[in-house]
Each structure stands twice: as structure tokens, then as C-alpha cells.
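The numbers here are math on the coordinates, done by the rules we state, and not lab data. None of the values given here were measured: they were computed from a predicted structure. Don't worry about glycine lacking a Cβ; one is built from the backbone with ideal geometry, like all the others, and counts go over all protein chains shown.
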Amino acid sequence: MTKALASDNYAGVLPEILEAIGQANQAHSKSYGNDDLTAQAKATFEAHFGENLEIAFVFNGTGANVLGISCVTQSFNAVLCADIAHLFVDESTAPETFANCKLIPLPTNAEGKLEVATIENAIIRKGDPHFAQIKVLSISQPTEYGTVYSLEELTAIGKLLKAHDIVFHIDGARIFNAVASLGCSLRAMTKDVGVDIMSVGGTKIGLLFGEAVVFFQREHAQYLRYKHKQSMQLASKTRFIAVQFEALLQQKLWHKSATHANRMAQKLYHELRTLPAVQITKPVQANAVFAILPTAWHEKLQAVLPFYVWNERTQEVRLMCSFDTTEAEIEAFVAVARGF
């Protein structure tokens, strides 16, 4: 396999990231995040996301979500999330096992978003010992359908949660694509709209490995140093994760990579929508295109650029563009479709 539209996880590593890792490999350094490179990366996070943050670098996205949520929940708590959320659908039982609390899935609208009214209606039975006490709301930005919450939508959610003393968590596995889509700053989409904890995706945007957990309120990170170790996400050579994020943020590689992936998705969308047999099922706002393609097309198209069948019942597919997707690859894929 050379390239694919199945997932941006399939893509390789940005050359600048490999170079940053190589530079960090030139000398010995303190372990477990007590090194200068990690300290510098944390300072760079604050320059982009806001001051007075607590940051933990972790191995993977599931670990990031579990760590963030577990720092603010106890065993009698519950986490509200979308019924299509990665947290609920694709992380097995890791959240329940390690955060040791209940996930309560909520229905989304046609764009895969949680609406304020839906969230508000789910905030019930506070103080009732017979009901799991709601402590966190988690959303994915972008959503699992590649749609993007606007700043106004995020602000409205943030205000609602603050009024009910509920922690606002974002699964930001593709947060950079969302920010590039809206053309705002990283801080504007996070700290400024009331986000409390966020998983910041690195792998999907071109890192070799590693994600970050950002706590915008230090009070929520009271147990972070212990939970970081307990969750098996504390890397002895943390600097090799940290320097990747340093390069991603300092060199604005995130913007270059996310903008390109989003642009390729737009190109794919505009090409496919001209085909009468293709039904685009969701708005294309980040780096994903969801569509229903005739099943007779699948085999030949899969041979060009493999993709996922997202919904086996409806045959809806997900076509995910990456930082290294090219226009020529999109054109080759669509050319096969035009041949039917």
C-alpha cells in the first residue's frame, strides 16, 4: 500500500518532525519530562493556547482522553458524550476501566454535533445518590463526521457547563484541522470558549507518535502527576514527544499540514459531487468526506486509494485526507469513479 483515504493515521511522519527527533537524540537528558526540551515545549503550548496551563505528554489518543477525564472524576461520576464519539464507540472499555466512571451517550444532530438543548436536558438529578453524578461533558472537535463546531456553538456549550459546574472536555484528535477550518487561533477555540481539558492530537497531523493533554484550569490537574504514571502514559524519554510538538507549533507545521489536508478534502468533495450516483452525506468542513458510493464501485476504488465503509447498513464511506495527500491522487481516484 502506498497511500490511502482510510485514515490520516495511515500517513507517515512529517520530515521536520523526524529532524526534530534527530536533534533531540544528540545528547543525554533528564528523564520523565524533567528536561529542558519538555519545558520549552510546554512554554510554546502556553504561547499558543494561553497562560497558566498544565500539560502532559502521552503515548496515544486513548491514553490522552482517559488521563484527562480521570483527573477530574470519581467512581460515582458520569461523563456525557456523543453517541458516535470516539470515546464511546472506539476506545473499547478503556474510559470506564481507567476513569472508573460511567459514560452516558447523547444523540447528535444531522451533522454529528451535540446541541445545547440536548446537553441541558441530560443534566439531571444533581445530588441524587441513586444516579451517577455528571461531572464532564466531552465533545470531539471536529466531530466524528468531520464537521466543526463554530466558536459560537462552543461558547454556548461552555457557558452552560460552567453554570452547572461541569468540566468541558474536548477530544481534539484533529483539533488542528478544526482550527484551520475556522481560520481562528488555537486559543480562540479552546481557552477563550471555556474549555477545561483537551486532548491534543499529534499522530494524525504528522507526528511519529505522541499526544498531549492540556489542562486550562490548574485546579483540574491536582492529581495529574500521579494519574499520569498510574495510567501508564508517563514516558521516560518524554523529550521525544515534546520536541515533536515544539516543532509542530513553533514552525506552524500544524497550520500547513491541516490546511493542506482540509484543502484536499474540499477538492475531493467538489469532484465527487459532480457524479450523479454519489451522495455526499455530511458537510465537508475539515479533512473528511462522507459519501455513499455505489457498492459496485468499491473494489476498483479501494485498489486506487483504500477507504473505510463507515456504515455497513447504508454503505456510507469515509474518505480521509492527510497532510501528504496529493491532487494527483484525488484526480486518479475520481477518474476511476467517472469510468463507471
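Put simply, the C-alpha atoms of region 222-340 give a gyration tensor, and the ellipsoid matching it has half-axes of 37, 18, 12 Å, longest first. The dipole here belongs to the chain: it is taken about the Cα centre, uses +1 on the Cβ of Lys and Arg and -1 on the Cβ of Asp and Glu, and is about 220 debye.
One chain, two ends: Gln315 and Ala163. Fully extended at 0.36 nm per residue, the span grows by 50.6 nm beyond their Cα-Cα distance.
Computed per residue of the chain from DSSP H runs no shorter than four, each worth -39500 (n - 2.57), the mean residue ellipticity at 222 nm is -11000 deg cm²/dmol. Couplings 3J(HN,Hα) of region 131-147, computed from phi: 10, 4, 7, 6, 10, 9, 10, 10, 10, 9, 9, x, 6, 5, 9, x, 8 Hz, in residue order, whole Hz [Karplus 6.51 cos²θ - 1.76 cosθ + 1.60, θ = phi - 60°; x for Gly and Pro]. Placing unit charges on the Cβ atoms only, positive for Lys and Arg and negative for Asp and Glu, gives region 253-338 a dipole magnitude near 220 debye about its Cα centre.
For region 30-122, chymotrypsin sites (Phe, Trp or Tyr not before Pro) are listed when DSSP marks them as loop and at most 15 other Cβ atoms sit within 10 Å of their Cβ; the list is Tyr32, Phe76.
Fraction of C-alpha pairs exceeding 29 angstrom in the chain: 39 percent, rounded to a whole number. Over region 1-46, with a single point scatterer placed on each C-alpha, what log10 of the ratio I(q)/I(0) does the Debye formula yield at q = 0.18 1/Å? The Cα Debye sum returns log10 ratios of -0.74.
Exposure here means at most 11 other Cβ atoms within 10 Å; with GluC sites (Glu not before Pro) in a DSSP loop as sites, the longest stretch of the chain lacking them is 52-311. The calculated FRET efficiency for the pair Asn52 and Ser236, based on their C-beta separation and a Förster distance of 35 Å, comes to about 0.85. Give me the one-decimal nm value for the distance between modelled label points at Gln23 and Glu96, 7 Å along each residue's Cα-to-Cβ direction. Placing both labels 7 Å along Cα→Cβ, they lie 4.6 nm apart.
The residues Ile175, Ile69, when put in order of fewest to most other Cβ atoms within 10 Å, stand as Ile175, Ile69.
Neighbour counts of C-beta atoms inside 10 Å place Asp90, Asp35 in the sequence Asp90, Asp35, starting with the fewest.
For Tyr32 and Tyr226, the difference between the fully extended length at 0.36 nm per residue and the C-alpha to C-alpha distance is 68.6 nm.
Between Ala277 and Leu208, residue separation times 0.36 nm minus the direct Cα-Cα distance comes to 21.0 nm. Using a 7 Å offset from the Cα along the Cα-to-Cβ direction at both Phe340 and Arg263, what is the distance between the two label points in nm, to one decimal? Going from the Phe340 label point to the Arg263 one covers 2.9 nm.
Since only Asn60, Ala11, Ile84 are under comparison, the one whose Cα sits farthest along the positive direction of the charge dipole of the chain, derived from C-beta charges on Lys, Arg, Asp and Glu, is Asn60. Averaging Cα coordinates gives a centre for region 293-340 and one for region 1-58; these two points are 32 Å apart.
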